[in-house]
Amino acid sequence: MGAGLRCIGLDRRGHGRSDVPGSGYDYDTLADDLAGLLQTLDLRGVTLVGHSMGGGEIVRYLTRHGRDRVTRIALVAATIPALLATPENPIGLDASHLDAFLHEIRTDRPGFYSSWKQAFFGTNLNSRISAEAVNASIEQARRTSPLAATACLQSVFHADFTAELRQLDLPVLIIHGTADANNPIDVTGRRTAALVPSAQFKEYDLAAHGLFLTHAGALNSDLLAFIKS
């Protein structure tokens with residue numbers, strides 16, 4: 001707002017203050033939810049910024065609804081093009097990673113999110129972010145519906161946006177941390193940049209998945225420059 005821009009945050013279904021329906025956590029439905037927001041508010045000339053799973057939601061939105069309302073997109077620590085190891089994606093993550101996440105969420109959610117903070121925010125936390133900010137972020141994640149959390153994890157692991165990324169025909173900014181343990185940069189950020197050769201690609205040295213907090217200053221500066229470019 002201080003830069004003269006309007007910023008609207010979307011709470012994905014099952015997250016934040018949104019309702020928790022019993023289904024609809026696939027990318028097609030989530031992209032349609034985003035379309036509903038843009039249409040209801042009649043937003044145009046939009047820059048879509050998606051962190052983590054949000055990157056895939058943006059790409060699927062463009063596939064299903066086109067770019068009439070969207071000027072540019074930014075993909076921040078996004079879980080694309082594909083996480084799961086397959087013959088076509090041999091450097092992906094083994095399915096056991098998904099099984100382990102689902103087991104921990106279903107059996108000890110508080111413990112899972114508490115132990116997750118180091119990997120999510122990276123090392124030397126105290127030099128970049130307060131303990132209070134870390135705890136507030138973890139508490140926000142902990143309040144997410146277990147149904148939504150597990151369903152979204154399964155959608156993330158089984159999605160493949162390779163073909164869709166090759167079709168992008170608008171300005172794209174890709175930002176990824178080199179120490180992202182959740183979405184390893186070689187599996188996600190660098191592969192996405194290779195699939196979208198016209199994109200601007202920035203690597204944040206030693207940044208983890210939660211770079212939106214630990215590197216907020218640099219991220220906001222890069223996003224603002226991209227929007228005004």
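The values are calculated or read from the model by the stated rules, or taken from the named source; none is laboratory data. Just so we're clear, the structure is a prediction, and the values are computed from it rather than from any experiment. Every residue, glycine among them, receives a Cβ derived from its backbone with ideal geometry; neighbour counts consider all protein chains shown. Quick note on the areas: whole protein, heavy atoms, side chains included, nothing else; ligands and nucleic acids left out. Shrake-Rupley method; radii C 1.70, N 1.55, O 1.52, S 1.80 Å.
Note down the net charge around D26, summing +1 for each Lys or Arg and -1 for each Asp or Glu among other residues with Cβ under 14 Å from its Cβ.
Around D26, the charge tally is -1.
So what's the projected area for the stretch 98-173, the Cα convex hull averaged over all directions, in nm²?
7.1
Leaving ligands and nucleic acids out of the surface, order S18, S23 by accessible area at 1.4 Å, largest first.
Result of the area sort, largest leading: S23, S18.
Say we join alpha carbon atoms closer than 10 Å with springs in a Gaussian network model of the chain; which of P81, P171, P197 then has the biggest fluctuation?
Highest fluctuation among the options: P197.
Taking the DSSP beta bridges in the chain as the whole, what percent of them are antiparallel, to the nearest 5?
So the antiparallel bridges in the chain amount to around 5 percent.
Give the long-range amide H neighbours of G177: residues separated by 5 or more places, or on another chain, with amide H under 5 Å away, using H modelled in the peptide plane at 1.01 Å from N.
A77, Y204
By how many nm would the segment from T71 to D42 lengthen if fully extended, with 0.36 nm per residue of separation less the alpha-carbon distance?
The T71-D42 span can extend by a further 9.0 nm.
I want to verify the translational diffusion coefficient of the stretch 1-113 in µm²/s; compute it with Stokes-Einstein, Rh as the Kirkwood radius over Cα pairs, at 4 °C and 1.567 mPa s.
Diffusion coefficient, whole number: 80 µm²/s.
Identify which of A207, A78, A194 has the largest mean-square fluctuation in a Gaussian network model of the chain, with springs joining Cα atoms closer than 10 Å.
Most flexible of the set in this elastic network: A194.
To the nearest 10 square angstrom, how much accessible area does D19 have with a 1.4 angstrom probe?
Here the residue's solvent-accessible area equals roughly 120 Å².
Could you give me the ³J(HN,Hα) list for the stretch 202-219, computed from phi with Karplus coefficients 6.51, -1.76, 1.60 and θ = phi - 60°, whole Hz, x at Gly and Pro?
Per residue, the Karplus-derived 3J(HN,Hα) values read 10, 9, 9, 4, 6, 7, 9, 5, x, 5, 5, 9, 5, 10, 4, x, 5, 5 Hz.
Please list, in chain and number order, the residues 5+ apart from L84 or on another chain whose amide H is under 5 Å from its amide H, with Hs placed from the backbone.
L93
Using helices alone, what [θ] at 222 nm do you get for the chain, with -39,500 (n - 2.57) per DSSP H run of 4 or more residues, divided over all residues and rounded to the nearest 500?
So the helix-based figure for the chain works out to -14000 deg cm²/dmol.
For D32 and D205 in one chain, what is 0.36 nm times their gap in residues minus the Cα-Cα distance, to one decimal in nm?
Length gained between D32 and D205: 58.8 nm.
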